[in-house]
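First comes the structure, then the notes that go with it.
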There are 2 protein chains.
Amino acid sequence: MKTPKKERQRLLISLLDEDPFLTDEDIAAHFSVSVQTVRLDRLECRIPELRERLKSVASQHMQKTVKSLQAEEIFGEIIDVELDDKALSIFDVTSDHVFMRNGIARGHHLFAQANSLAVAVLDDDLALTVRSTLHFAKPVRAGDRVIARAVVRQETLKNKSTVVDVISKVENETVFSGEFLMYRTTKKGR
Amino acid sequence: MKTPKKERQRLLISLLDEDPFLTDEDIAAHFSVSVQTVRLDRLECRIPELRERLKSVASQHMQKTVKSLQAEEIFGEIIDVELDDKALSIFDVTSDHVFMRNGIARGHHLFAQANSLAVAVLDDDLALTVRSTLHFAKPVRAGDRVIARAVVRQETLKNKSTVVDVISKVENETVFSGEFLMYRTTKKGR
DNA sequence: CTTCAGATTAGCACTTGGTCATAACACTTA
DNA sequence: TAAGTGTTATGACCAAGTGCTAATCTGAAG
């Protein structure tokens, strides 16, 4: 008896966690026990067979793929746009967006929300950020809902540039503001 | 004959793309043909059987999971840091980072790389971006390797602020530059 | 109309990676 | 010695296939 049963089952769990692709035969070889023993172990630990394991891993993947296509978690969800005038977006901060050490949201998420919004409000084939100035006024934390408002400055500039001002608030308190100088190809038409 | 063979095979591909969990029997029912016909179609289109499909979906998932844990694709990889002095990071731009419409990288990725680097070079328990000014000098495209250099300005400021300058280049040409005013709690020691 | 090719369907043996039940050991412990 | 736990073996069966051969259907061309 190499490893006692209890220990072996503990190892079994972490083994399959790392590599769910192993057949019972593989596992049996790994622990130098019979295939039947592995089956019994799986039964006790309620670990499903190879195919079922792969099924669940695959379905997780499917769910994740759909989620990342929406990409809301990165940019914030744009909820209202009046082209060349103003726009609004919501971004829910989760633990994925914050520094572990202090629980404060990483700046680039706020920037991403604001910048995406500035691009969206212009809706040009080629709207690019040329220059911008940012103020991170107040730390944002997981659980906060950040509402960003973009306003297009109506002054006409030489060359093809436009300025978009974005202000982001949490519970009506400004946490971030930015001025985005955007380059565009098309004149503002409508 | 409901749908001609060619058409059916086209549909088969997109059907399994949406839902790889269908057995031949399911598919046969969906197209009202025999199971054998489905097998022949799969053979011609080189579509593997259910179990193999799930295997590959699952392994994709595994790869993605590992990848996202590294998170290099978001921040760029920090390759050299001299604390409170300077730091360097590399960020490989892929098709995931660009606008579909024009193939140009979204600004917030460049910002994220620079901002993360500015935080890393200070390595403070609480280093936060307070203010920053950015210049997007030249569009960046998929395939470009962006190298960002952060330099800490050695002037001492009142209160606990420090300025970090970041310049990002692609093939030795500046594509982005930013000035980051960072707030910190600890004095620069050493 | 016949004939012929391509598409479809069917049947059977075999494969993988299992489940389930049942039985036979081995080893310790009361 | 008997009981109990852990391990191994055996055989029947299942799902979802592959591979191969053979039969049938169908539409168009000669």
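The values are calculated or read from the model by the stated rules, or taken from the named source; none is laboratory data. Computed from a predicted structure; not experimentally measured. Because the Cβ atoms are built from the backbone with ideal geometry, glycine has one as well, and the counts that use them run over all protein chains shown.
General remarks:
- Looking across the stretch A:23-44, the residues that are surrounded by 13 or more Cβ atoms within 10 Å (Cβ to Cβ) and under 10 Å from A:Leu12 (Cβ atoms) come down to A:Ile27, A:His30, A:Phe31, A:Val38, A:Asp41, A:Arg42.
- Qualifying residue in the stretch B:25-46 (condition: within 15 Å of DNA strand C (Cβ to nearest atom) and at positive phi): yes
- Failed criterion for A:Asp17 (all others in (1) surrounded by 13 or more Cβ atoms within 10 Å (Cβ to Cβ); (2) within 14 Å of another protein chain (Cβ to nearest Cβ) hold): (1)
- Pairs, first over 16 Å from B:Leu40 (Cα atoms) in the stretch B:1-27, second of a type in the set (D, E, K, R) and assigned to a helix (DSSP H, G or I), C-beta under 6 Å, six or more apart: B:Pro20/B:Arg53
- Selection from the stretch A:30-47 of residues that are of a type in the set (Ser, Thr, Tyr) and without any contact (Cβ under 8 Å) to a residue 12 or more places away in the chain: A:Ser34, A:Thr37
- Within the stretch B:107-149, considering residues that are of a type in the set (D, E, K, R) and either buried (at least 24 other Cβ atoms within 10 Å of the Cβ) or facing chain A (nearest Cβ under 7 Å) (or both), the one farthest from B:Thr162 (Cα to Cα): B:Asp125
- Search result, residues across the stretch B:49-64 that are surrounded by 15 or more Cβ atoms within 10 Å (Cβ to Cβ) and not β-branched (Val, Ile, Thr): B:Leu50, B:Arg53, B:Leu54, B:Lys55, B:Ala58, B:Ser59, B:His61, B:Met62
- Within the stretch B:8-18, considering residues that are charged (D, E, K, R) and within 18 Å of B:Arg39 (Cβ to Cβ), the one farthest from DNA strand D (Cβ to nearest atom): B:Arg10
- Residues that are within 13 Å of DNA strand D (Cβ to nearest atom), within 19 Å of A:Pro20 (Cα to Cα) and either in contact with a helix residue (DSSP H, G or I) (Cβ under 6 Å, 6 or more places away or on another chain) or not in a loop (DSSP other than H, G, I, E, B) (or both) are absent from the stretch B:23-43.
- B:Leu22 being outside the structural domain of B:Val119 (by TED's automatic domain parsing) and modelled with pLDDT of 90 or more: yes
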